[in-house]
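Down below is the structure, laid out as structure tokens.
What follows is calculated from the coordinates using simple rules that are stated; it is not laboratory data. Only a predicted model underlies this, so the values are computations on that prediction, with no experimental measurement involved. Neighbour counts are summed over all protein chains in view; Cβ atoms, including those assigned to glycine, are modelled from backbone coordinates with ideal geometry.
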Ligand code: JD8
């Protein structure tokens, strides 16, 4: 593969991985100074923006001439920009199959838009962003793109299988935690399963760790079916009360661990109390393989849809089931309600993270050790 990078000061490209790829002949890498395509004494590459505004814009002419020389119809022009499509492992893998990439690194407020518009009629152009934050230029992004693409070049990775187990690899899960010697360090031990040599149990543990991490940190990556196979979510029936009482007690015991000073009425509720609360508002229950594994209730208070009793069986937590139930009960918010609200333990940080990811924001205390979280109804 040949890669041309404009403009030039990308010495880091000489080091590390691209350097190794060059030495192994897999990569033909060239970096160029855009000023080589200027003709004025000051070698000017920028000018003031049409329409006014702060900063400078990169002139089209040097870019046009550079691409006339460096690119042709087989080229893919990659232009890092905060307004680009997300640069992902999938896109990196696609680009790794291309013959020639030109990566155009902008500076200042960006490159005159006509450069990309003109190129689109002549070659494949990808405007990409490496993340939802703002850099001062495209160079760092070019480094990211080059490294992510080059390491996928056929023949580059010593053991290509390891690519599958990586985050964002073919499993779509985040990678599992890794350990090496010593097996005990500063009082922290390596998980026994990794020392026992039972490869089937190690593989199962690693997969479970990957699913838990992904649900915890990137539930957006989890395909609903990965959450928990064939979840059936329906409106509660009186006959569910018994299982609900069991689930409730299990979940609230857990809540006492992270909120030791909070009075947990639900812990001492009886079957009759359960029948009472499922009689108010709308309660959804989730079943997996016929087992009641989750629940959530919504009740209307004036313009607020009051969400509560969100429970997930302890052995199935961390797999997105809570998000699933939260999303379902949100959808049932009656017309005329403008806000969604819920209460949770001040110590229930994991729950709060799930609610924050779902758009809820803390709205102060709702009593000793209990916080109120809410969000506008969509
Ligand atoms: C290229 C100029 C700076 C951007 C005014 C700050 C990518 N994920 C990303 N964040 N930022 C970039 C990026 C920023 C760039 C250029 C990429 C060229 N700038 C500009 C617009 C606002 N300044 C990026 N990929």
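General observations
- Stretching residue 54 away from residue 303 to a fully extended chain increases their span by 85.2 nm, per 0.36 nm per residue minus the current alpha-carbon distance.
- Spatial separation of Cα centroids for segment 297-358 and segment 182-199, in angstrom: 37
- Using every pair of separate Cα atoms, the Kirkwood estimate puts the hydrodynamic radius of the chain at 25.2 angstrom.
- Shape class of segment 227-289 from the alpha-carbon gyration tensor: oblate, with a/c at 1.5 or above and b/c at least as large as a/b.
- The packing ranking, built from the mean of other Cβ atoms within 10 Å per residue, places the peptides 92-102, 188-198 in the order 92-102, 188-198, highest first.
- Segment 89-156: C-alpha gyration tensor shape, a/c 1.5 cut-off, then a/b vs b/c: oblate
- Radius of gyration, Dmax [segment 299-352; alpha carbons; angstrom]: 12.3, 37
- Förster radius 45 Å - calculated FRET efficiency between residue 254 and residue 178, Cβ distance, rounded to 0.05: 0.95
- FRET efficiency for residue 140 and residue 207, using Cβ-Cβ distance with R0 set to 41 Å, rounded to 0.05: 0.75
- GNM top mover of 178, 150, 31 - the chain, alpha-carbon springs below 10 Å: 178
- Whether segment 271-378 is rounded, prolate or oblate, judged on the alpha carbon gyration tensor where a/c under 1.5 counts as rounded: rounded
- Förster radius 41 Å - calculated FRET efficiency between residue 280 and residue 198 (Cβ-Cβ, nearest 0.05): 0.25
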